[in-house]
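**Student:** What follows is a structure written as C-alpha cells; I'll ask about it next.
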Amino acid sequence: WQKKQYKWLSPIGRIRSTGTTMIELTERAVEQFSNKIRDSLLGKIFRIKLKKGGCNGYEYIIDYADSVQDDDTSINFDNFNIIMDPESMPYIEGSSLDYVTEGLNSQFKFVNPNVVYTCGCGVSVNFE
C-alpha cells in the first residue's frame, strides 16, 4: 500500500453539498461524458458508486444508470446527470474526476482526498 498525495485538478463543474464540494469534473471528464451520451442509446444518466473489491478494499464504478432510486443524489451537468447512492456519497464527497490518457490507455481518474491508501496498480482504494 502506498499513501497518496493529491494535487487538485482545475474543475468546470462544481456541486456543493452541506458546505463542501460533492464532486468536481474537469473539462476533459465533461467532454468524455458528453461523447458517451452522443454515441450511445443507453441514456444521459451515469451512476458513480463504490463497490467492495480489488486488492485494497473498494473500487470506483462508473456506468449508465438504468434507474434512479428515491435516496439517490442527482447532479445535473447541462446535458447529462450523475447520480450517487447514499452509501457511496460520504467517500466520494470532495473528489475531483478527470479523464486522462496515459500511454495507450484512456480512463476516468478520481482524485479523492478521503482515500488513505491505494493499491500499486491504482484500481482499488481504502478509506481507513
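The values are calculated or read from the model by the stated rules, or taken from the named source; none is laboratory data. None of these values were measured; they are calculated from a predicted model. Positions of Cβ are backbone-derived with ideal geometry, glycine not excepted, and every protein chain shown enters the neighbour counts. When the accessible area is computed, the model is the full protein with side chains, heavy atoms only, and any ligands, DNA or RNA have been set aside. Shrake-Rupley method; radii C 1.70, N 1.55, O 1.52, S 1.80 Å.
**Student:** Scan around residue 55 for amide H atoms under 5 Å from its own, H built in the peptide plane at 1.01 Å from N, and keep only partners 5 or more places away or cross-chain.
**Tutor:** 124
**Student:** A further question follows. With label points built 7 Å along Cα→Cβ from the Cα atoms of residue 107 and residue 121, find their separation and express it in nm.
**Tutor:** With each label placed 7 Å out from Cα toward Cβ, I get 0.8 nm.
**Student:** In terms of Cα to Cα distance under 16 Å, which aspartates and glutamates are near enough to residue 49, apart from those fewer than 8 places away along the same chain?
**Tutor:** Correct list for residue 49: 24, 59, 63, 66, 70, 71, 72, 85, 87, 93, 98.
**Student:** For the range 47-62, what does the Karplus curve 6.51 cos²θ - 1.76 cosθ + 1.60, with θ = phi - 60°, yield as ³J(HN,Hα) per residue in whole Hz, taken in order and with x for Gly and Pro?
**Tutor:** 9, 10, 8, 10, 10, 5, x, x, 7, 10, x, 9, 10, 7, 10, 10
**Student:** At a 1.4 Å probe radius, carbon and sulfur cover how many percent of the accessible area of the range 70-114?
**Tutor:** On the range 70-114, the fraction of accessible area on carbon and sulfur atoms equals 43 percent.
**Student:** What whole-number distance in Å separates the alpha-carbon centres of the range 26-59 and the range 68-101?
**Tutor:** With the range 26-59 and the range 68-101 each reduced to a Cα centre, they are spaced 9 Å.
**Student:** How much accessible area per residue does the range 55-128 have, in Å², with a 1.4 Å probe?
**Tutor:** Per residue, the range 55-128 has an accessible area of 52 Å².
**Student:** Using the Karplus curve 6.51 cos²θ - 1.76 cosθ + 1.60 with θ = phi - 60°, work out ³J(HN,Hα) for each residue of the range 102-108 in order, rounded to whole Hz, and write x for Gly and Pro.
**Tutor:** Once rounded to whole Hz, the list reads 10, x, 8, 9, 10, 6, 6.
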